[in-house]
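Q: Before I ask anything, here is the structure I am working with.
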Amino acid sequence: MSLEELAFLVLAAIAVGTALAALLVRELVHTILWISVFFVALSGIYFLLQADFLGILQLGVYAGAVTILLLFGVMVTRKRIFSREAATGIGPFPLALALVSIVILSGVAAGLPTQPRTVHAYSPAALSEQLFTTDGGWLVLLGLTMLSALAGAIYLVREGRE
Amino acid sequence: MSGLVLAQFLGLSAALLGIGLFGILTRRNFILLLIAIEVAINAAVLNFVYFAGFASGPGGVSGQAAAVVVVGLAATEVAVGLAIVLALNRQRGSINVAEASTLRQ
């Protein structure tokens, strides 16, 4: 087993474990701590795949901004921050649906060729050229979506809407 | 440089999507629901990055561009979701999605 493969397996185990822990622990603040470790593990996988820019973006946007935003949401919506959630039952139908989707998708993945391949590294310059020329329309669309989301968020939380 | 196996990465994505799906269907707290959606979206972004890395042609960078756009959309979704959480908390005093069948006054 190569060093890269070992690094991938460790990061994948951390990602799956922290994602499960985040959704199963009963204190919401612990959930957010686990999910921030999950985001850092994913950025490690991006670095392993030579996608450096996306790794940094993942750290900044998810491990930084989204985590703080979620913590802010917890802090303003409850009186005691470390209070436990009521236990939610694990219904048989959601569990079955999740397991079936994992089995089907893994079955498809298992049919693919398994010889190791070297990953292709793209420079941030090539990525930005793609983003601002060929895929420029998507970037404009993203900007417009963010603008309308900003307006919508302000509408939802504005004063006097009781 | 010895290389990586694509099938293992797709297996990881499948596992994360399953975990996210399970969380979306079972959790009743709005913030936990948002986190489960983030896990599922991250599984999809990972797929874009794998296929960009394993693509042989020059067009592979397009996959990373798509990943950047999806990350931006997911961050937007969290912001709007938290605005809904705050509105719900002010109106109902609870962020349980089972009690929030409507947001209209």
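Q: Out of B:ILE31, B:ILE41, report the one residue that is under 22 Å from A:ARG84 (Cβ atoms), touching a residue at least 12 places away in the same chain (Cβ under 8 Å) and within 16 Å of the chain's Cα centre (by Cα).
A: Numbers: B:ILE41 fails: under 22 Å from A:ARG84 (Cβ atoms).
The unique qualifying residue is B:ILE31.
Q: Suppose we filter the range B:57-93 for residues that are surrounded by 18 or more Cβ atoms within 10 Å (Cβ to Cβ) and at positive phi; how many remain?
A: The total comes to 0.
Q: Let me ask something additional. A:THR133 versus (1) at pLDDT 85 or above; (2) closer than 30 Å to A:GLU5 by Cα; (3) part of a helix (DSSP H, G or I): which is the lone unmet condition?
A: (2)
Q: Can you confirm whether B:PHE51 is crowded, with 19+ Cβ neighbours inside 10 Å and either within 18 Å of A:ALA19 (Cα to Cα) or not hydroxyl-bearing (Ser, Thr, Tyr) (or both)? Give the derivation first.
A: On the way: crowded, with 19+ Cβ neighbours inside 10 Å: no; either within 18 Å of A:ALA19 (Cα to Cα) or not hydroxyl-bearing (Ser, Thr, Tyr) (or both): yes.
No; evaluated as a whole, the condition is false for this residue.
Q: Checking B:ILE41 against (1) modelled with pLDDT of 90 or more; (2) facing chain A (nearest Cβ under 8 Å): exactly one of these is not met. Which one?
A: Condition (2) is where B:ILE41 drops out.
Q: Turning to a different aspect of this structure: Which helices (runs of 4 or more DSSP H) sit wholly inside chain B and have at least 3 residues that are under 28 Å from A:LEU156 (Cα atoms) and touching a Lys or Arg at 6+ places or on another chain (Cβ under 9 Å)?
A: Numbers: elements: B:6-26, B:30-54, B:61-92.
So the answer is B:30-54, B:61-92.
Q: Now a separate question. Please pick out the residue among A:THR67, A:THR133, A:THR77 that is among the hydroxyl-bearing types (Ser, Thr, Tyr), out of contact with any Phe, Trp or Tyr (no Cβ under 6 Å at 6 or more places or on another chain) and not assigned by TED's automatic domain parsing to the domain that holds A:ARG26.
A: Details: A:THR67 fails: not assigned by TED's automatic domain parsing to the domain that holds A:ARG26; A:THR77 fails: not assigned by TED's automatic domain parsing to the domain that holds A:ARG26.
One residue alone meets the criteria, A:THR133.
The values are calculated or read from the model by the stated rules, or taken from the named source; none is laboratory data. Small disclaimer: the values here were computed from a predicted structure and weren't measured. Heads up, the Cβs are rebuilt from the backbone with ideal geometry, glycines too, and the neighbour counts pull from every protein chain shown.
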